[in-house]
């Protein structure tokens with residue numbers, strides 16, 4: 001994706017870094033003036049570090065204010081450059097001076113100016129020569145072809161080391177202290193890398209090298225993306241919900257109304273949704289494990305694991321986490337729908353049926369008890385899968401533990417959910433009256449995909465056991481042959 005660019009006029013190549021936010025450093029409000037006299041004592045104490053390099057900030061917006069406060073709290077001497085210094089002197093914890101003074105005295109300079117106004121910095125070219133420039137700007141829309149703002153800045157200042165970073169961190173996050181997530185920083189040569197990496201660490205970040213400045217276009221696009229990895233799973237979940245909802249509506253509401261004139265439209269808000277959600281959850285859970293089986297059988301068919309999967313399968317594999325969380329969401333919504341109080345129609349029905357003697361049916365009682373207990377187990381396992389997929393939890397387990405939960409327990413959850421659906425259907429598949437409008441009951445449609453996944457998993461396990469048996473057999477075959485030969489010679 002990222003292509004190395006050719007530098008002109010012997011310009012130094014630039015690199016890109018990720019930064020992961022660790023902890024809150026400066027708890028304060030954005031509306032406060034960041035002056036030394038009214039600020040916290042912590043700021044004043046941190047300013048006395050003589051070994052820290054001088055950091056310049058060109059720009060006086062909200063981001064510059066928060067960045068200055070974070071840098072001062074981290075022990076850096078900060079010079080803020082402005083075209084009108086006197087206007088902003090009371091808003092910053094450090095000295096606000098002219099842009100030329102800040103550029104001349106600083107070792108590292110943050111360019112916190114809109115890209116449209118980079119041309120106003122042309123007079124600082126000589127003062128910024130040989131220094132590290134950190135571009136924190138973003139684009140207004142996603143750009144596929146470039147050039148990026150950082151590359152344009154590098155063209156404007158060919159004698160400087162251009163760094164792309166901090167563009168995914170908001171001013172509020174800088175001042176209040178972000179919790180976790182991934183942020184990007186671009187660095188250039190070893191000298192610039194060391195200095196800016198140290199700056200990142202002292203500010204509470206963890207820098208990770210991400211390559212050349214040609215990656216900066218993708219980094220600038222990151223804040224503009226709107227859940228790109230969730231688009232297909234969410235749309236698929238909505239499509240499944242609409243399909244099963246309409247299917248249940250036709251069977252449970254429309255068919256009785258057309259054939260017998262019975263009005264069951266009151267079931268649409270709760271009962272039809274309550275029947276639809278488990279169908280969506282089970283199909284989505286099956287779609288989580290189906291691509292893994294497809295990939296395994298494809299590797300067995302090709303005889304190697306080193307060939308690349310087709311694009312559709314590769315994309316399917318990368319969205320398994322999102323599909324699983326959508327399945328968990330459907331199950332949670334099902335629990336909420338099941339906890340809803342009785343509607344007026346249900347109350348009326350119960351009042352009408354009060355005079356009818358209720359008979360004890362062992363078969364129905366056992367079915368309901370098993371149905372509920374297996375459903376609770378399936379929900380518990382699915383909850384464990386969802387919790388383990390969180391980065392904060394996944395980072396605390398090793399790969400074998402994570403694989404055991406997501407794979408072994410995941411198939412157990414799928415099996416439990418399938419048994420739960422079978423207990424719901426019980427013997428309805430053999431009752432002709434359940435095939436309304438000649439359509440099979442909903443649970444039969446839902447069970448197709450889980451059965452395919454579970455049978456595929458069983459077939460894969462049998463194939464693996466067969467291969468292991470053959471390997472063991474041929475491994476011990478020479479020894480068995482030698483034993484037979486020895487016995488023959490003894491005879």
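No lab work stands behind these numbers, since they all come straight from the coordinates. In this text, all values refer to a predicted model and were calculated from it rather than measured experimentally. Virtual Cβ from ideal backbone geometry, glycine too; neighbours counted across all protein chains shown.
If N is the number of residues in region 202-325, what value comes out of its Cα radius of gyration divided by 2.2 N^0.38 Å?
Region 202-325 yields a ratio of 1.63.
Ranked for footprinting exposure by Cβ neighbours inside 10 Å, fewest first, 123, 155 give 123, 155. Averaging the sequence gap over all C-alpha pairs within less than 8 Å and six or more residues apart, then dividing by the number of residues, gives region 47-224 a relative contact order of 20 percent. Among 428, 87, sorting on how many other beta-carbon atoms sit within 10 Å of each Cβ, with the fewest leading, yields 87, 428.
Counting neighbouring beta carbons within 10 Å and listing from fewest to most, the residues 465, 210, 368, 339 come out as 339, 465, 368, 210. With contacts taken as Cα pairs under 8 Å and at least 6 residues apart, region 60-117 reaches a relative contact order of 33 percent.
Its Cα gyration tensor gives region 47-224 an equivalent ellipsoid. The semi-axes, each the square root of 5 times an eigenvalue, are 22, 19, 16 Å from largest down.
For region 416-461, what class follows from the C-alpha gyration tensor (a ≥ b ≥ c being the square roots of its eigenvalues): rounded when a/c is under 1.5, otherwise prolate if a/b is larger than b/c, else oblate? It comes out prolate by the Cα gyration axes.
If the chain between residue 461 and residue 338 were fully stretched, how many nm would it gain, using 0.36 nm times the residue separation less the Cα-Cα distance?
Full extension from residue 461 to residue 338 adds 40.6 nm.
The relative contact order of region 394-477, computed from alpha carbon pairs under 8 Å that lie at least 6 residues apart in sequence, is 25 percent.
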